[in-house]
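The values are calculated or read from the model by the stated rules, or taken from the named source; none is laboratory data. The model shown is predicted, which means the values in this text are computed figures rather than measured ones. Note: ideal-geometry Cβ built from the backbone for every residue, glycine included; neighbour counts use all protein chains shown.
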């Protein structure tokens, strides 16, 4: 039997879907430093409403630094961040969550002593639902994407496998009804079969209307599913293009796919 099509992601009351008139996210010449060490050297990127955009790079390229800066966890030494046309460069991290800029952090970050359901409920702490019906609708949408999470609903988070914890982390982020979902290395430390499953779920989330900015090292999986991608090397954007075009780019194949 063909499974039913999952519902589109619910919008919080009063919110309108983004339009194509301007980028949902625009980063201009962003500079970030750790003390005297400059980690990001003026990177620029955009994410349009409905896109799945990948930021691809090796360890130490500055990917996680970029995500932490976008989330408001690191101050900028230069440049600016616009979200829905608003300058949020100096907006605090929790206020960015309230605007709909939601991150599923690197390393999953599941609360180990809390049940899966309690972990999910933490996701909407900063963006509370106005009605029980809205909460139930969003929860059912999340469970339609992650049947395994529903099965583990009463299980303590710390007892889940790595793949299950990653699913809970993404599901928890979706409970906040993100306008832009930031995913930091969702495939890290997972078995190949689980990685394929996670990337398929990410593609499904995007296909159902959630805009996604994905940070990854797994070029094959990420570029296959991305609308566009940026290549980040030592804190600088060195190449950008359509995902499938970059997948066949000789320099990208040599650096990230092991193909000379």
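Tabulated values for the structure
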item	result
Residues located in region 201-218, provided they are over 11 Å from the mean Cα position of the chain (by Cα), in a helix (DSSP H, G or I) and over 24 Å from residue 249 (Cβ atoms)	201, 204, 207
Single match in 55, 73 (criterion: at negative phi, within 17 Å of the chain's Cα centre (by Cα) and surrounded by fewer than 17 Cβ atoms within 10 Å (Cβ to Cβ))	73
Residue match in region 108-124 (condition: touching a residue at least 40 places away in the same chain (Cβ under 8 Å) and closer than 30 Å to residue 253 by Cβ)	yes
Any chance residue 85 is within 19 Å of residue 24 (Cα to Cα), touching a residue at least 60 places away in the same chain (Cβ under 8 Å) and over 18 Å from the mean Cα position of the chain (by Cα)	yes
Test: residue in region 153-170 that is part of a strand (DSSP E or B) and over 30 Å from residue 88 (Cα atoms)	yes
Positions within region 90-102 being buried (at least 18 other Cβ atoms within 10 Å of the Cβ) and either part of a loop (DSSP other than H, G, I, E, B) or out of contact with any helix residue (DSSP H, G or I) (no Cβ under 9 Å at 6 or more places or on another chain) (or both), in sequence order	97, 100
Hits in region 219-252 (condition: in a helix (DSSP H, G or I) and in contact with a helix residue (DSSP H, G or I) (Cβ under 8 Å, 6 or more places away or on another chain))	219, 220, 221, 222, 223, 224, 225, 243, 244, 246, 247, 252
Hits in region 116-135 - residues which are touching a helix residue (DSSP H, G or I) at 6+ places or on another chain (Cβ under 7 Å) and either closer than 10 Å to residue 168 by Cβ or surrounded by fewer than 16 Cβ atoms within 10 Å (Cβ to Cβ) (or both)	116, 119, 120, 122, 123, 126
Residues of region 224-260 satisfying the condition of being on the phi > 0 side of the Ramachandran plot and surrounded by 19 or more Cβ atoms within 10 Å (Cβ to Cβ)	235
Among the candidates 98, 60, residue that is at pLDDT below 95 and under 30 Å from residue 161 (Cβ atoms)	60
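Rundown of residues vs (1) outside any strand (DSSP E or B); (2) modelled with pLDDT of 95 or more, yes/no style:
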{"site": "14", "(1), (2)": "yes, no"}
{"site": "27", "(1), (2)": "no, yes"}
{"site": "45", "(1), (2)": "no, yes"}
{"site": "49", "(1), (2)": "yes, yes"}
{"site": "74", "(1), (2)": "yes, yes"}
